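Got a structure for you, written out below as structure tokens; questions coming shortly.
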Amino acid sequence: MAVLSVMKIEGDPDELIARLQTTIDPVAARKGPQYGGISSTVVRLDDGIKIFNLWQTEEGRHQMAADPEIQAALRTAGFPEPSFTGYEVVWTRSAIDGAKALAHRIADEIWTQHKLEVIDEVIASDFVGTSPTDGEFRGPAGFRQLVERYISAFPNATMQVTEIVGEGDMIAAHWTATGTHTGELMGIAPTGRDVTVEGTQFDRIRDGKIVESHGLFDALGLLQQIGAVPAGAPAPA
Amino acid sequence: MLSLPSPRHMPCEHCGASVERGGEAGHQCEDERRLEYRVFALRDEIESFDENWTAWLQSPEGLFELFYAERTRRG
């Protein structure tokens, strides 16, 4: 269960912030993740500062407070006794969670369920994307053309997001796509072969839609699987 | 000499199923998938069968076979 600790330190806020930055913060930035620190936010008040720390567990917060390096930094800072309040976190939601959900929605609804009407909901009008096989494509219409091209070649296409991370306004995802080659692809006649292809994607999100997308996938592997390019010998174990 | 890498998955040459590298020994073709794969590979031949059959029946060889079959049938 995540916990939020709220600490108020009274005094001149500028002076407190300066001392915080030179004493505790460098140690806390290094030590926090070791004890399950999720985030730390400092705000300025008229009569001091408030520090909001989000922790994965209450136990981690206590371990951090008891860490000898943290204790030494606190003594160096010489802060007055802070007032402290702890809260049990019911849930947290961040913009990046919404961005990740967007990537899952594209994989599930567009690439797997082939609901192309969803494209207008998730792709911005000024969208720009790049792909190793299609170069640059623009707008929802360009994205739709790319999806249609692959779905016509692999009518049972599916895509699964296997890993996803996000920071700021960007997400990076690793995905695996499957399908049976029963339609023409890049001039290659259908082979009836099943293919499995992996790729990665960097997407930039603005106002709940994707505005930029740069994808790389194993295009060579795809061509090898449908017999357009010879497959090399497996790498030695 | 530069050699191409091998993809992580390759289709089974008998049934077309996607098989992960190293998992070939554990792969067993499903009869239905193998049949579908064979029929798909022969789709052009199957689609043109009626047309080719009709054309053959119009050829000298086909016309003779028709004549001979009819004579055999009459005894």
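Considering each residue of the range B:1-40, count those that are assigned to a loop (DSSP other than H, G, I, E, B) and either more than 7 Å from every other protein chain (Cβ to nearest Cβ) or surrounded by 12 or more Cβ atoms within 10 Å (Cβ to Cβ) (or both), and give that number.
Final tally of qualifying residues: 20.
Here's something else I'd like to know. Take the conditions among the polar types (S, T, N, Q), out of contact with any Pro (no Cβ under 6 Å at 6 or more places or on another chain) and free of Cβ contacts under 8 Å to residues at least 12 places away in the same chain and apply them to residue A:71. Does it pass?
For residue A:71, the condition - among the polar types (S, T, N, Q), out of contact with any Pro (no Cβ under 6 Å at 6 or more places or on another chain) and free of Cβ contacts under 8 Å to residues at least 12 places away in the same chain - is met.
Report whether or not residue A:99 is at pLDDT 95 or above, surrounded by 14 or more Cβ atoms within 10 Å (Cβ to Cβ) and of a type in the set (Gly, Ala, Ser).
No: the conditions fail for residue A:99.
Select from the range A:79-135 the residues that are more than 22 Å from the chain's Cα centre (by Cα), closer than 17 Å to residue A:210 by Cβ and not in a helix (DSSP H, G or I) and list them in ascending order.
A:115, A:125, A:134
So which strands (runs of 3 or more DSSP E) are wholly in the range A:154-237 and hold at least 1 residues that are among the charged types (D, E, K, R), within 13 Å of chain B (Cβ to nearest Cβ) and buried (at least 20 other Cβ atoms within 10 Å of the Cβ)?
Fully inside the range A:154-237 and qualifying: A:194-206.
Right, something else. Given the conditions (1) surrounded by 15 or more Cβ atoms within 10 Å (Cβ to Cβ); (2) within 22 Å of the chain's Cα centre (by Cα), which single one is not true for residue A:150?
Just one mismatch for residue A:150, condition (2).
Now, a different point. Run residue A:33 past the list (1) more than 28 Å from the chain's Cα centre (by Cα); (2) surrounded by fewer than 18 Cβ atoms within 10 Å (Cβ to Cβ) and report the number of the one that doesn't hold.
If we test residue A:33 against (1) more than 28 Å from the chain's Cα centre (by Cα); (2) surrounded by fewer than 18 Cβ atoms within 10 Å (Cβ to Cβ), just (1) comes out false.
Quick test of your reading of the structure: residue A:92 fulfils all but one of (1) closer than 30 Å to residue A:37 by Cα; (2) at pLDDT 95 or above. Name the failing condition by number.
Checking residue A:92 against (1) closer than 30 Å to residue A:37 by Cα; (2) at pLDDT 95 or above, the one that fails is (2).
Hey, can you tell me all the residues within the range A:36-59 that are in a helix (DSSP H, G or I) and surrounded by fewer than 13 Cβ atoms within 10 Å (Cβ to Cβ)?
A:59
The values are calculated or read from the model by the stated rules, or taken from the named source; none is laboratory data. What you see is a predicted model; the values in this text were computed from it and never measured. A quick note on method: Cβ atoms are made from the backbone with ideal geometry, for glycine too, and the neighbour counts reach across all protein chains shown.
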